[in-house]
Amino acid sequence: MKLIIARGPLRDLLRWTQCALLLCGVSLIAWCGYVLADAWKFQRTGQRQVESFLIARTGAPASVNHSPPPASGGLLGRLDIPRLGISVIVVEGTGSKTLRRAAGHISGTALPGQRGNIGISGHRDTFFRPLRNIRRDDVITVATLDGLYSYRVMSTTIVSPSDVSVLNPGGTETLTLVTCYPFYLVGAAPGRFIVRAERIL
């Protein structure tokens, strides 16, 4: 059945509503395109920087004198989980713009190569989505200006967003990855998926 609306205020309102919805749809598509392109460009630039300092350090042992922590938004290094195909640039901080473009080092936690707990956060619907398939004994590497550090996954767990005890420092070199959970939920996530790994090299 076809609904015919006579000319008048109602028809004009419907026409303007249709135009507004179309404009909103185009704007959302354009915004998504911008976000994806910006993240891709940021990752490409960061990957080139990491590759250049890895080449410069070829054959050199990890530095004993660690570089100072980068400023907020500054490049920390690259995190790789070969079995899952994850290779993501890590920068300092966990602001919304930072996590839109990269994984973020949680300020106040240890840095790679330091004793303590290194916290790295990423979005479940972008860079850290493959973490849903992580397994015990998977190897995680973090490349920084000071060297290459390797960690073995020991456990995974799900906690509430308010449970920050997972970032407590310990007596060993530990890496903790944090992302929202469940992975496929649309909207605010009720939990956090935690990956705990210990340094092996």
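Summary table below
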| read-out | value |
| --- | --- |
| Selection status of W40, among the aromatic types (F, W, Y), at pLDDT 80 or above and within 28 Å of T179 (Cα to Cα) | yes |
| Residue in region 110-118 that is of a type in the set (D, E, K, R) and under 24 Å from G46 (Cβ atoms) present | no |
| Condition check for S162: out of contact with any strand residue (DSSP E or B) (no Cβ under 9 Å at 6 or more places or on another chain), free of Cβ contacts under 8 Å to residues at least 60 places away in the same chain and either surrounded by fewer than 19 Cβ atoms within 10 Å (Cβ to Cβ) or farther than 15 Å from D80 by Cβ (or both) | yes |
| Matching residues in region 70-89 - criterion: being within 19 Å of V35 (Cβ to Cβ) and either in a strand (DSSP E or B) or at pLDDT 95 or above (or both) | V88, I89 |
| Single residue of region 118-140 satisfying the filter (in contact with a helix residue (DSSP H, G or I) (Cβ under 8 Å, 6 or more places away or on another chain), β-branched (V, I, T) and over 11 Å from V195 (Cβ atoms)) that is surrounded by the fewest Cβ atoms within 10 Å (Cβ to Cβ) | V139 |
| Selected residue (criterion: surrounded by the most Cβ atoms within 10 Å (Cβ to Cβ)) from residues of region 104-117 that are more than 17 Å from the chain's Cα centre (by Cα) and assigned to a loop (DSSP other than H, G, I, E, B) | A110 |
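The values are calculated or read from the model by the stated rules, or taken from the named source; none is laboratory data. What you see is a predicted model, and the numbers here were worked out from it, not measured in a lab. Backbone-built Cβ (ideal geometry, glycine too); neighbour counts: all protein chains shown.
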